[in-house]
Amino acid sequence: MTERALVLWWVCVGAVGCATRPPMEPAEVVRAHIAAVAAGDEHGAMALLTPEGRARAPLLPGTDEAPEAGSVAEVERSATWAGGRELAVVRMVDGWRVRRGVLALFSAESAESALLALGRAIEARDFQRVVELMPSESSATSAAVLAGHMAGHAAWSALAQAIVAGKVGWVVRERSRAEAVVAVGGAEHRVVMVQEEDGWKVFDVLPRSSYLDRR
């Protein structure tokens, strides 16, 4: 073996084998990390972490504390576009599908589209989209605050289901204001919409008492 070949051979060994393909899929990375931990290969395990990950996990678990690599399965991915908004993508039987974030792609150019976006956003628990559907003076409200109030709230869930099911009528249709009547159970609830420069917004939901109190 020539000196040059010997150097290349050692480079390959140091890189865990020239013929070994580095893990490309998320689940493969996790399995490779688990395998390295189980083998006591601290260098290999750390190499599969980002700098942030290494900072958060300066010490690896013991070799007998590694979980079963076979238990690892990828369930979703995230992606961003130029605006920086995050999408959640989940693998289904027939391929990958976007689960959260996609609603922001649809502009609320009419009162009808804004109301439907509200119903879909609540059902998808996309509370950032709900924030975007609020008037500008309410923009300080965060998605986390809304999630804490709306997630699992029976009245909001029922309203969303009725909107998506099309149980809606319109009693006010003006240039910059509209009011929808939504059949929620056996009662009529109202959603007041207003138009701003960037589209229609949800101004109010009545009766307020139903949506302010958690039940």
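For the range 21-54, give me the residue count where each residue is of a type in the set (A, V, I, L, M, F, W, C) and modelled with pLDDT under 80.
Applying the first criterion (of a type in the set (A, V, I, L, M, F, W, C)) to the range 21-54 yields 24, 27, 29-30, 32, 34-39, 45-49.
Pick out the ones that are also modelled with pLDDT under 80 and you get 24.
The qualifying residues number 1.
Report, by residue number, each residue of the range 116-127 that is buried (at least 22 other Cβ atoms within 10 Å of the Cβ) and among the hydrophobic types (A, V, I, L, M, F, W, C).
ALA117, LEU118, ALA121, ILE122, PHE127
Yes or no, residue by residue, for (1) β-branched (Val, Ile, Thr); (2) at pLDDT 95 or above; (3) over 29 Å from ALA88 (Cα atoms):
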{"site": "ASP126", "(1), (2), (3)": "no, no, no"}
{"site": "VAL130", "(1), (2), (3)": "yes, no, no"}
{"site": "SER142", "(1), (2), (3)": "no, no, no"}
{"site": "LEU159", "(1), (2), (3)": "no, yes, no"}
{"site": "ALA178", "(1), (2), (3)": "no, yes, yes"}
{"site": "ASP213", "(1), (2), (3)": "no, no, yes"}
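What's the number of the condition SER136 fails, among (1) of a type outside the set (Asp, Glu); (2) more than 13 Å from GLU112 (Cα to Cα); (3) surrounded by 15 or more Cβ atoms within 10 Å (Cβ to Cβ); (4) more than 20 Å from the chain's Cα centre (by Cα)?
Failing condition for SER136: (3).
The values are calculated or read from the model by the stated rules, or taken from the named source; none is laboratory data. What you see is a predicted model; the values in this text were computed from it and never measured. No Cβ is skipped: glycine too gets one built from the backbone with ideal geometry, and neighbour counts run over all protein chains shown.
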